Every structure is written in structure tokens, then in C-alpha cells.
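In what follows, a structure is listed as C-alpha cells, so that the remarks can point back to it.
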Amino acid sequence: MTLKLGVIGTGAIGADHIRRCMQTLSGARVTAVNDINAESAASAVKSYAPNAKVFSDPHALIKSDEVDAVLVTSWGPSHEEFVLASITAGKYVFCEKPLATTGEGCRHIVDAEMKHGKRLVQVGFMRPYDSGYRALKAVLDSGKIGDPLMLHCAHRNPRVGKNYNTDMAITDTLIHELDVLRWMLNDDYVSAQVIFPRKTPKSLPHLRDPQIVLLETAKGTRIDVEIFVNCQYGYDIQCEIVGELGIAKLPEPSAVLLRSEAARSEEILTDWKERFIGAYDVELQDFIDGVRSDKLRGPSAWSGYAAAVAADVCIKAQVSGAVEPINLPAQPAFYN
Ligand code: NAI
Ligand code: NAD
Ligand code: ISE
């Protein structure tokens, strides 16, 4: 039976997920759409899902018989409400990152899901599905470079919109590293510090950019992540692991090596949609297959919570400038 999906939020990623569900993936179709901006919903439906119904009320969409499972792709601060409503309706829900913008918000979701008694939530952390990160993890797990001592990472966007603020460098951008590095290292964070270098003049007055986040894990690995969201030159994701015996680096996306006009060059992507296109396809297919087989396997609400607990502390560290402790409670058996 083809799964009927309802999508809340038809912006950049919502529209792209509707396209991939309708044109690339198998086993599902989008039957219902809602956006706080009715024009945006109408435009997404027209482009990719002409037979889908546009709902003016997201809660009516969640409850509708036309919807078997929900995709939440609206702005971060609205996620908690829609995920909780989906759990109340007993429906599977794929929620874009962040699961909620605070650890407390994620905890409400974890508690509601455990009370329901079965996993219903998958978080849109797509990097563990990315072939480059998987290859890097395979090298680390092989023992070839020994235990990881240090990680040097960068998360660079060419530019961001005017609604993007200093907190969002953590809750919207660093959140990807907070999830994928925990998965990569199979370790938890114990402290965070945030350092602000000289500010780029390309950033708007309300945004501190760039930032450097220093993390320490329970096993003693030290991580530095540069977040630079007005870097201008491209969308550039870097991750280098320094081990006891060698160094392993995240592969760059493949590009033509061009010799032209007395220069040798390779193109750098500028759009996150293209950089992780394969990972988005695999994660959403995994969600669809998980719902159809009544068992989710992808990043859980606990992963969303763990990342948010660390994010809360990073935001505190932005203000204090101090090394702040991170205390993540033990993972409940429900999520093992
Ligand atoms: P966007 O601003 O392009 O789109 C958000 C849409 O949600 C807008 O159309 C807005 O009208 C709608 N919306 C906001 N509040 C709503 C509400 N209460 N009810 C219904 N609709 C509502 O933003 P974008 O880039 O599409 O991001 C959406 C979410 O996806 C964010 O949580 C973001 O963090 C996440 N995201 C994840 C990415 C990834 O790599 N996994 C990449 C980009 C975004
Ligand atoms: P795995 O269970 O073999 O190992 C993952 C390890 O990392 C476990 O120790 C687990 O406790 C931990 N972990 C898992 N998710 C985490 C997270 N978000 N944060 C911190 N720690 C985490 O899993 P795997 O096969 O390596 O898969 C990793 C992710 O990629 C999963 O979400 C999985 O569903 C997804 N995946 C999908 C496909 C696919 O083709 N659909 C293929 C492989 C993996
Ligand atoms: C955006 O929401 C994403 O998730 C992108 O992957 C990230 O690079 C960007 O900084 C976020 O704003």
C-alpha cells in the first residue's frame, strides 16, 4: 500500500522533500500539505503534488484520514508542537532538525513517545546517511588510524537570511555536527566553549559570525568546529580526524578537475540541497520503508534530545565565554 504523507512547511526543504517523495523515492506519495503561508503551500502543490489537498490548519492535516505519516519541515520553533500532535494522533513523524529548539522541548517529545510505547519519530539528521561520513566512520572503526585524539571541523555557508541569528548558528547549523560527531565517535560530550574571532563585515549587525565551538568528549577527544555562515565562497563541510596512527578526512564531493586559462581548479558547491542530495534521498526512503514495515531505524528522538542538550550548553557558553559542562542523562532502554 502506498503511504500517504502530509507535509507541514513548504519552504526550501519542505518543497524539496515533496519533490523527492513524488519523483525520486518509492512507496509513498504526498496527499496533504500545509504552510503558514498559503501561497507557499499552493506553489509547492502546483509544482510537485498537484493532487494533494492544501490544509489551512496543520492539526487538521495531522488528524486527517488522508494522512498516514507526517513530515514536519516548518521552522524549528514550530517543530515541538507538530511532533507532539503527531504522537497524540498515533502517527509516524519525520521531523527536520532541530527536533525542538531546546533540550526541554525535545524531552517533552521523548517522554510522549515513551508513554505511547513505540518509536514514532525520526529526526532529519541526514549526515549519518551520507556516503562520505559513512566512509570516514568505516576507516575510524577499522582501527587504521587508532583512537581519535582530535577533530578539526568546519561548517561554512555562503550566506544566510536576515532572520538567522547568533543562537541559530548552534540550533540550526552546529546541530548537524553535534549529532553526526556523536555518532561518528560513539561518545558523548562533556563540555563546550565558544570563541568569537574578529567578525566578518559580511554579517548583519545582529549576528556574531564566525564562531568556533570547542567540545570535549567523555573519552577525552577534543573537537573544534568553525561555524562561518557568511563565508561567501561556497557551501563547505569539513571534518578531519587526527588519530594515534594517522589522519582521516571527510571526502570532498566529486568534481571535474579543470585546467583552463593557466589555472587548475575544482568547483565548490554552494547549496546544501546539492551537497547532501544523496543523503536526503536515503534518509527519507529509510523513513518510508520504516513506516511501511512498522519499525523505524533512523535517528531517534533521543538523538534529537542529545544534540539539543549539547546545543543548550553551547548557547550558554556563547554568553559566558567559559568552559561549560554538558550533562546528558543515560539513554533509556526504550531507545537501545
Ligand atoms: P524556509 O523558511 O524556507 O521554510 C519554512 C516554511 O515553514 C515556510 O514556508 C514557512 O511559511 C513555514 N512555516 C513556518 N512556521 C509554520 C507553522 N507554524 N505552520 C506551518 N508552516 C510554517 O526554511 P527551510 O530552509 O525550508 O527550513 C525548514 C526546516 O528544515 C528548519 O527546521 C531547518 O532547520 C530544516 N532544514 C534542514 C536541512 C538539513 O540539511 N537537514 C536543510 C535546510 C533546512
Ligand atoms: P549502527 O547501529 O550500526 O551504529 C550506530 C552507533 O552509533 C551505535 O552505537 C549507536 O548507539 C550510535 N548512534 C546511532 N545514531 C546516533 C546518533 N544520532 N547520535 C549518536 N550516536 C548514535 O548504525 P549504522 O548502520 O551505522 O547507521 C547509522 C545511521 O544511518 C542510522 O540512523 C541508520 O538508520 C542510518 N543508515 C541508513 C541506511 C540506509 O541505507 N537506509 C544505511 C545505513 C545507515
Ligand atoms: C540549514 O537549516 C541546514 O540544515 C544546512 O544543512 C546548514 O548548513 C545551514 O547552516 C542551516 O541553516
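The values are calculated or read from the model by the stated rules, or taken from the named source; none is laboratory data. Just so we're clear, the structure is a prediction, and the values are computed from it rather than from any experiment. Here Cβ is always computed from backbone atoms with ideal geometry, including for glycine, and neighbour counts include all displayed protein chains.
Within the stretch 81-106, if we keep just the residues that are within 16 Å of ligand 2 (Cβ to nearest atom) and in a helix (DSSP H, G or I), the residue that is nearest to ASP68 (Cα to Cα) turns out to be CYS106.
When GLN238 is tested against (1) surrounded by fewer than 19 Cβ atoms within 10 Å (Cβ to Cβ); (2) assigned by TED's automatic domain parsing to the domain that holds VAL213; (3) more than 16 Å from ligand 3 (Cβ to nearest atom), just one condition goes unmet, and that condition is (3). Within 21 Å of the chain's Cα centre (by Cα), more than 19 Å from ASP68 (Cα to Cα), touching a residue at least 40 places away in the same chain (Cβ under 8 Å) and near ligand 2 (Cβ under 8 Å from one of its atoms) - does that describe any residue in the stretch 281-296? Yes, the stretch 281-296 has at least one match.
Would you check if there is a residue in the stretch 307-319 being away from ligand 1 (no atom under 16 Å from the Cβ) and over 22 Å from the mean Cα position of the chain (by Cα)? Within the stretch 307-319, one or more residues are away from ligand 1 (no atom under 16 Å from the Cβ) and over 22 Å from the mean Cα position of the chain (by Cα). Out of the residues in the stretch 122-139 that are hydrophobic (A, V, I, L, M, F, W, C) and within 10 Å of ligand 1 (Cβ to nearest atom), which is farthest from LEU250 (Cα to Cα)? If we take residues in the stretch 122-139 being hydrophobic (A, V, I, L, M, F, W, C) and within 10 Å of ligand 1 (Cβ to nearest atom), then VAL123 is farthest from LEU250 (Cα to Cα). Look at the stretch 80-103 and say how many of its residues are of a type in the set (Asp, Glu) and in contact (Cβ under 8 Å) with a residue 40 or more places away in the chain. Here the count works out to 1. Consider the stretch 90-121 and keep the residues that are of a type in the set (A, V, I, L, M), out of contact with any strand residue (DSSP E or B) (no Cβ under 6 Å at 6 or more places or on another chain) and within 16 Å of ligand 1 (Cβ to nearest atom). The one that is farthest from GLY304 (Cα to Cα) is ILE109.
Residue check: ASP147 meets all listed conditions (1) of a type outside the set (A, V, I, L, M, F, W, C); (2) loosely packed, with under 13 Cβ neighbours inside 10 Å; (3) more than 21 Å from THR270 (Cα to Cα) but one, namely (2). If only residues of the stretch 15-42 that are hydroxyl-bearing (Ser, Thr, Tyr) and within 17 Å of LEU61 (Cβ to Cβ) are counted, the one that is farthest from ligand 2 (Cβ to nearest atom) is SER40. Residue check: is ASP179 away from ligand 2 (no atom under 11 Å from the Cβ), within 22 Å of ASP130 (Cβ to Cβ), acidic (Asp, Glu) and under 14 Å from the mean Cα position of the chain (by Cα)? Criteria not met by ASP179.
Residues that are farther than 20 Å from SER320 by Cα, within 16 Å of ligand 3 (Cβ to nearest atom) and in contact (Cβ under 8 Å) with a residue 24 or more places away in the chain do not occur anywhere in the stretch 205-227. Is there a residue in the stretch 264-274 that is assigned to a helix (DSSP H, G or I) and in contact (Cβ under 8 Å) with a residue 60 or more places away in the chain? For the stretch 264-274, residues assigned to a helix (DSSP H, G or I) and in contact (Cβ under 8 Å) with a residue 60 or more places away in the chain: present. Residue pairs whose Cβ atoms lie under 6 Å apart, separated by 6 or more positions or on different chains, with the first residue in the stretch 111-122 and modelled with pLDDT of 95 or more and the second exposed (fewer than 15 other Cβ atoms within 10 Å of the Cβ) and in a helix (DSSP H, G or I), are MET114/PHE334.
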